[in-house]
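The values are calculated or read from the model by the stated rules, or taken from the named source; none is laboratory data. Not measured: the values here are computed from a predicted model. So basically every Cβ, Gly included, is an ideal-geometry build from the backbone, and we count neighbours across all protein chains shown. The area values use the complete protein model at the heavy-atom level, side chains included, leaving out ligands, DNA and RNA. Shrake-Rupley method; radii C 1.70, N 1.55, O 1.52, S 1.80 Å.
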Amino acid sequence: MTTRFENGIVVTLGEKNRVLWNATVVIDGEMIAALGDSAAMKQHFPEAEVVDCAGKIVLPGFICTHHHFYSTMARGMGIPGEPASNFVEILERLWWKVDRALDEEDVLLSAQLPLIDCIRNGTTTIIDHHASPAFRDGSLDLIENAVRQAGVRASLCYEVSDRNIPGGGIAENKRFIKKVGQGDGQIAAMMGMHASFTLSNATIEECVGIAREAGVGCHIHVAEDAADRVDSLAKYYRTTVKRLHMLGVTGDKSIFVHCVHIDEDEMDILAETGTSVVHNPESNMNNAVGVTPLFKMLKKGVLVGLGTDGMGSDMLVQMRCAYLLHRLANRDPRVAFMEAPQLLLQNNATIAQRQFGLKLGEIAEGRPADLAIIDYQPPTPLSEANFLGHLIFGLVDATVDTTVCKGKILMRGKQLLVMDEERIAARSRELAPLMWKRLQEL
Ligand SMILES: [Zn+2]
């Protein structure tokens with residue numbers, strides 16, 4: 001089927017970003033077939049279905065390179081006792097109970113809801129990190145089904161950790177990696193690992209062996225809080241990145257999430273091995289763990305992308321948060337204007353390409369047909385020269401109207417076409433209090 005998305009302002013992104021007014025994107029099947037002036041495209045593709053994009057900006061679908069779907073049901077939950085006063089307490093009192101309290105239906109619902117959120121925010125590719133020890137085996141299949149139903153792309157993994165049982169989760173990753181293989185462009189697999197401070201050398205070595213044999217990368221939290229660095233130095237006499245590197249976790253398909261508490265030697269290892277880092281500014285601020293040395297890493301040539309860490313699914317909000325955080329942290333109003341969009345628009349596309357083998361993040365002929373179509377009437381002239389100004393100060397607050405992934409319209413006119421949001425949210429409201437109750441008993 002061929003569809004013309006016409007009369008919009010198309011922002012192509014890619015190496016040579018172009019802003020095309022009154023332009024049309026033609027989609028044929030799962031790919032972009034053509035791009036050009038609306039009148040010319042109408043002549044070339046007269047039989048195509050038409051989606052009018054007047055008053056809208058057409059962008060490539062957004063990519064989130066670190067998410068936790070499973071965190072959904074914690075929203076609004078009360079936590080008994082004193083408030084957690086540091087990062088490790090946040091894990092012990094909140095997240096390590098939330099994941100243990102999830103049962104089978106919770107896992108499904110808590111994937112479906114953020115997937116709906118992704119579609120609503122034009123996020124069409126997600127790299128997720130899952131944990132549900134009480135319903136572990138087969139959990140990734142359930143999430144895969146939810147992703148396929150939603151129609152977006154996702155790379156999935158299960159969080160291996162020694163905190164409940166040694167090597168817990170290895171088998172689920174191994175099974176899923178084998179099943180997915182090199183992926184089909186919609187679903188990919190990684191070896192998921194929690195963090196250095198909850199993993200023994202033996203567990204890490206086993207994970208790395210499986211990942212290497214299958215040719216997939218490892219997805220692990222690294223030095224999110226100073227506690228991870230302190231633990232690595234105390235137990236293994238080396239810094240976190242160094243320890244993980246010596247055990248073989250680094251590599252150009254691997255993702256090291258956060259890297260807040262790392263030194264220059266560790267940054268050099270990340271750059272030399274081509275290991276990706278994913279920055280999650282909102283999460284770092286929420287957990288009060290510190291500020292990622294973003295500019296130092298970029299200067300050294302580390303590939304740094306942008307994730308939400310489960311805080312949400314709106315990537316433009318996350319991008320502006322990075323912009324604001326690093327201006328304030330550096331007390332310098334000259335920085336981050338280029339870098340924050342770069343993480344989202346360029347680097348996330350490169351990280352996703354390593355997972356899915358697809359060139360996402362650009363509207364061009366022959367590229368995958370993933371689009372975020374946003375209501376936006378530019379109040380000032382808009383061109384390639386000032387697009388970032390519109391992105392940071394205008395588009396961030398605009399509403400996504402239509403979302404397309406793999407050539408399929410998932411939402412049109414703000415109406416979800418692929419999932420019953422009302423039913424799913426209602427069922428989640430029924431089950432969440434039961435999950436909270438189980439959690440209190442852990
Ligand atoms: Zn995370």
Task: Sorted largest first, extent of the chain alpha carbons per principal axis (Å) - done: 67, 47, 44
Open item on the list: Just to check, using Stokes-Einstein with a Kirkwood Rh over alpha carbon pairs, what's the diffusion coefficient of segment 224-310 at 10 °C and 1.306 mPa s in µm²/s?
Closed with: 123 µm²/s
- [ ] Using only C-alpha positions, report the orientation-averaged shadow area of the convex hull of segment 1-130, nm², one decimal.
- [x] 11.6 nm²
- [ ] In square nanometres and to one decimal, what's the mean projected area of the convex hull around the Cα atoms of segment 63-163?
- [x] 6.8 nm²
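Pairwise over distinct Cα atoms, reciprocal of the mean inverse distance: report the Kirkwood radius of segment 308-383 in Å, one decimal place.
Mean inverse Cα-Cα distance, inverted, gives 14.6 Å.
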Task: Proximal charge balance of Val278 [Cβ under 13 Å; K/R count +1, D/E count -1] - done: -3
Open item on the list: Between Glu47 and Met338, what's the calculated FRET efficiency when r is the beta-carbon distance and R0 is 41 Å? Round to 0.05.
Closed with: 0.45
Task: Around Ala84: net Lys/Arg minus Asp/Glu count, Cβ-Cβ under 11 Å - done: -2
- [ ] Mind jotting down the distance between the C-alpha centroids of segment 254-295 and segment 84-130, whole Å?
- [x] 21 Å
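Name the shape class, rounded, prolate or oblate, that the alpha-carbon gyration tensor gives for segment 234-366, where a ≥ b ≥ c are the square roots of its eigenvalues, rounded holds for a/c under 1.5, and otherwise prolate holds if a/b is larger than b/c and oblate otherwise.
oblate
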Task: the chain: antiparallel DSSP beta bridges as a percent of all, rounded to 5 - done: 50 percent
Task: Cβ-based net charge around Arg367, under 11 Å, with every Lys or Arg adding one and every Asp or Glu removing one - done: -3
TODO: Skip the ligands, DNA and RNA, and give the accessible area per residue of the chain with a 1.4 Å probe, whole Å².
DONE: 40 Å²
Task: Mean Cα-pair separation over length for segment 118-161, i.e. relative contact order, pairs under 8 Å, 6 or more apart, % - done: 54 percent
Task: Degrees separating the helix 104-120 axis from the principal Cα axis of the chain, which is the longest one - done: 40 degrees
Open item on the list: Let me make sure I get this right: for segment 385-442, a, b and c are the square roots of the gyration tensor eigenvalues over alpha carbons, sorted descending. Under 1.5 in a/c it's rounded, otherwise prolate if a/b > b/c, else oblate. Which is it?
Closed with: oblate
Open item on the list: Please compute, for the alpha-carbon atoms of segment 317-442, the extent along each of the three principal axes and give them in descending order in Å.
Closed with: 53, 41, 36
Open item on the list: Rolling a 1.4 angstrom probe over the protein chains, ignoring ligands and nucleic acids, what is the accessible area of His44 in square angstrom, nearest 10?
Closed with: 130 Å²
TODO: May I ask you to derive the relative contact order of the chain, considering only C-alpha pairs under 8 Å and at least 6 residues apart, and to give it as an integer percent?
DONE: 21 percent
Task: Mean separation of Cα contacts under 8 Å (6+ apart) over length of segment 319-360, as relative contact order % - done: 31 percent
- [ ] State, to one decimal in nm², a quarter of the convex hull surface area for the C-alpha atoms of segment 77-222, i.e. the direction-averaged projected area.
- [x] 9.2 nm²
